[in-house]
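To start, the structure under review is shown below, and the notes come after it.
The numbers here are math on the coordinates, done by the rules we state, and not lab data. Just so you know, these numbers come straight off a predicted model, no measurement behind them. Note: ideal-geometry Cβ built from the backbone for every residue, glycine included; neighbour counts use all protein chains shown.
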Amino acid sequence: MECLKLNGITKDQLAVYLRESCHVKFEAEIIAEIMEAVDGNDFEKLDWYQQFGDSFRIITTNVHAYKKQLEFGFTEISFDQYGWFSRPEFLDKEELIFGNAEHYMQHSAIEVARGINNVWTNALSYTFGCAGGGSPLSVYGAQFNSRKNALAAGLTQLKDLMMAKLNDTDAGNYKQPVILATLRDIEKAQVNMVQLSLF
């Protein structure tokens, strides 16, 4: 891993990194921004990038995380003990359970929450009985302009996941009673949303 002081780097070092190590689009975009600062001898901007880490990979990843957080109105720059950008704390977090709430292997969940600027997101945690998956709330999640839209999208996604495994013959991973209970709860939630929208 390369160590660097950004106001001492050259365009050649950046070009080598861009050619050999940039594997995702956001890295190339951020390296281009740093190249522009190098071209303009913008030491203030280079120092700003430097605060995000001590290697190109850490800097690009942390700057990308910061930019994603800005989309939710989070402006704080802070890092965890390992030097990675700290996750922001979403507001108005709410978790809705679908299926058998008493047993974690028999229920799925949708979390909804918003950023400071009222941009909402959601996250799913789902199980089919044994198989399943999910992800936490994150600034990398889909963005919505309301709680209602974030929840509606989560319900649709969860329903699609369950419908894809309905009547699956792999009873070890895809337990039909769990799937059916989850689908019933999704339907109730969708009916409630429609009824609430009428008032």
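Tabulated results
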quantity	calculated
Structure-based [θ]222 nm, the chain - -39500 (n - 2.57) summed over DSSP H runs of at least 4, per residue, nearest 500	-15000 deg cm²/dmol
Extension reserve of the residue 82-residue 193 stretch, reckoned as 0.36 nm per residue once the Cα distance is removed	35.7 nm
Extension reserve of the residue 117-residue 19 stretch, reckoned as 0.36 nm per residue once the Cα distance is removed	31.6 nm
Along principal axes, Cα extents of region 27-128, largest first, whole Å	60, 26, 24
Hull-based mean projected area of the chain, where the convex hull spans the alpha carbons, in square nanometres	14.8 nm²
For region 126-169 versus region 30-48, the gap between their alpha-carbon centres in whole angstrom	40 Å
Cα pair distances in region 6-70, grouped into 5 Å bins until the bin that holds the longest one, percent each	4, 19, 32, 29, 14, 3, 0
Backbone HN-Hα couplings from phi across region 116-131 [Karplus 6.51/-1.76/1.60, Hz, Gly and Pro as x]	4, 8, 6, 7, 9, 9, 9, 8, 10, 10, 9, 9, 9, x, 10, 6
Long pairs among 68/165; 93/188; 11/67, criterion Cα-Cα beyond 25 Å	68/165
Cut-off under 5 Å, modelled amide H: who pairs with residue 73 long-range	117
Per-residue ³J(HN,Hα) for region 73-81, Karplus 6.51 cos²θ - 1.76 cosθ + 1.60, θ = phi - 60°, Hz, x for Gly and Pro	x, 8, 10, 5, 10, 8, 10, 7, 5
Spin-label model distance (nm) - residue 97 vs residue 157, 7 Å beyond Cα toward Cβ	2.1 nm
HN-Hα J in Hz across region 8-17 - Karplus 6.51, -1.76, 1.60, θ = phi - 60°, x for Gly and Pro	x, 7, 10, 4, 4, 4, 5, 5, 4, 4
